[in-house]
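Since the structure comes first, as structure tokens, the remarks are kept for the end.
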Amino acid sequence: MGRLAAYLAAPMETSSVLVFDGRGEDASHLAGHWDGQRLEVLSVQRLPHSLGLMYEEVTDHLGFMRSSDEYKVMALASYGKPAYIDEFRQAVQVRDDGGFRIDPIRWEDYAPRVGKVEQWDDEHANLAATVQRRLEEVLLELGHWLFARTGDPNLSMAGGVALNCVANSRLAAEGPFERIWVQPAAGDAGTSLGAALHVAHQLGDPIEPMSTAALGRGWSDGELRHWLETANVRYDEPADIADAVAQALADDAVVAWFQGRSEYGPRALGHRSLLANPSRAANLNRLNDIKGREQFRPVAPMVLLDRAAQIFEGPIPSPYMLFVHRVRDTWRDRIPAVIHVDGTARAQTVDPADEPLVARMLRAFERRTGLPVVVNTSLNTAGRPMVDDPRDALECFGSAPVDVLAIGPFLVRRSAIAMRAAA
């Protein structure tokens, strides 16, 4: 069902289709073509051969949580070199029929297993880099195989592997497709969307292209005020919440941003976010400390769409943060907090037509700092899901060293919390 969310929700009338899962019903990969009415399946890879399961296995071997922390392996890979790529090219091979074969891999031959109290070293980073590189190569090979049979320059992608923004970016840069669209909840959560779209398609209901990931719950200003008053929290209601937050960010505050309906999928996209000033390199470690994350993990920028190409090289627009972008040399010293060790950033572009409040905040921040970029990471702490409702927001703000909570039109400052507690 998740694969239906790839092409039925896509903004293109027709497209080539690639789906990469850990495990589906009995398959891990599908390649096909959507002609606007039906899907022609061109190749299916049956289990146990699975790129997703391979990535799960290295995730577990490196001491992370399987089926959860694969993005940490992607981040760690940037610190290493693909030292074992020749061996992995033998172990993971693309077949002529559009499928692939993965031989059993003895992970301990490349790096010792990481326990909970152990640290990662160069061997572990090199293993992560090797698996990441081979994944990228296989996606490129399969992309070329598919394009040779469809000729369709559009590509729709889904499945958990499609959340690997580094691989997506390499496919966009070096592959044969002119346009790539990735469903923003491309992992298991996409199954629910696919099921709904399948029923709608079967019933003949019109299906509009997916135009936003803000599909979760939202609250009225009155409801948010009630939550604040019930929690006995002192708050302000500035004339313009976007302008007030821009000033706080310019003053180097970390802001918990709770606005509108929550995001569908694993990315913070300006509705449930932690925001910070990108010009302070120390804000990377500061945010990782707040969230209880590993220090090798990057944080992402959100940028005004009309300024994005001046700062970032890569697929633009990028509203769902599913590609990485190389930061242009002239901007590297200006936004160091959002630049990963490899010189890239996983940017979210903000179109004022889609996200007017976020765009207004970015404009106000640029007026103060000259930067049309802010740090944007998910509003949660380690081991906790992304904040969804007002109670979650208040609990997260109360327990983490965040300076400001912007919840709807209301502003709560850390000093106000302390004053209320003292009273």
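How large is ³J(HN,Hα), in whole Hz, for each residue of the range 355-364 in order, when computed from phi with the Karplus curve 6.51 cos²θ - 1.76 cosθ + 1.60 and θ = phi - 60°, using x for Gly and Pro?
Per residue, the Karplus-derived 3J(HN,Hα) values read 10, x, 5, 4, 4, 5, 5, 5, 4, 5 Hz.
If we sort 269-276, 341-348 on the protection proxy, mean other Cβ atoms within 10 Å, highest first, what's the order?
Output ranking for 269-276, 341-348: 269-276, 341-348.
Only residues of the range 35-66 count here: report those whose backbone N is under 15 Å from the spot 7 Å along Cα→Cβ of residue 141, or say none.
45, 49-52
Determine, for 296, 312, the number of other Cβ atoms within 10 Å of each Cβ, and report the residues in order from fewest to most.
296, 312
Can you bin the range 26-161 into rounded, prolate or oblate? Criterion: square roots of the alpha carbon gyration tensor eigenvalues sorted a ≥ b ≥ c, rounded for a/c under 1.5, prolate for a/b above b/c, oblate for the rest.
Cα axes put the range 26-161 in the prolate bin.
Counting other C-beta atoms within 10 Å, which of 16, 169 has the fewest, and how do the rest follow?
169, 16
Quickly rank 249-258, 97-106 as a protection proxy: mean count of other C-beta atoms within 10 Å, highest first.
Listed from highest to lowest mean packing, they are 249-258, 97-106.
Using +1 at the C-beta of Lys and Arg and -1 at the C-beta of Asp and Glu, which of 269, 400, 228 has the Cα lying farthest in the positive direction of the dipole of the range 221-422?
400
P(r) of the chain in 10 Å steps, Cα pairs, percent per bin?
4, 22, 30, 25, 14, 4, 0, 0
For the chain, what is the calculated [θ] at 222 nm in deg cm²/dmol (nearest 500), taking -39500 (n - 2.57) for each run of four or more DSSP H residues and dividing by its residue count?
For the chain, the value works out to -11000 deg cm²/dmol.
Find out how many positive minus negative residues lie around residue 53, taking Lys and Arg as positive, Asp and Glu as negative, among other residues whose Cβ is under 12 Å from that of residue 53.
Net local charge, residue 53 excluded: -3.
Taking amide H atoms as placed 1.01 Å from N in the peptide plane, list the residues 5 or more away in sequence, or in a different chain, whose amide H sits under 5 Å from that of residue 47.
Counting only residues 5 or more places away or on other chains, the set is 27, 28.
Fewest Cβ neighbours within 10 Å first, please rank 136, 108, 237, 141 accordingly.
So the ranking, lowest neighbour count to highest, is 108, 237, 141, 136.
Across the range 221-422, what fraction of all alpha-carbon pairs, as a whole percent, falls in each successive 5 Å bin from zero upward?
So the P(r) values, bin by bin, are 1, 8, 17, 21, 21, 16, 9, 4, 2, 0, 0.
Distance in nm between label sites at residue 202 and residue 40, each 7 Å beyond Cα in the beta-carbon direction?
The answer from the label model is 2.5 nm.
Each reported figure results from applying straightforward, stated rules to the coordinates on display, with no laboratory input. Keep in mind that what you see is a predicted model, and the values were worked out from it rather than measured. With ideal geometry, Cβ positions are generated from the backbone for all residues, glycine too; neighbour counts draw on all protein chains shown.
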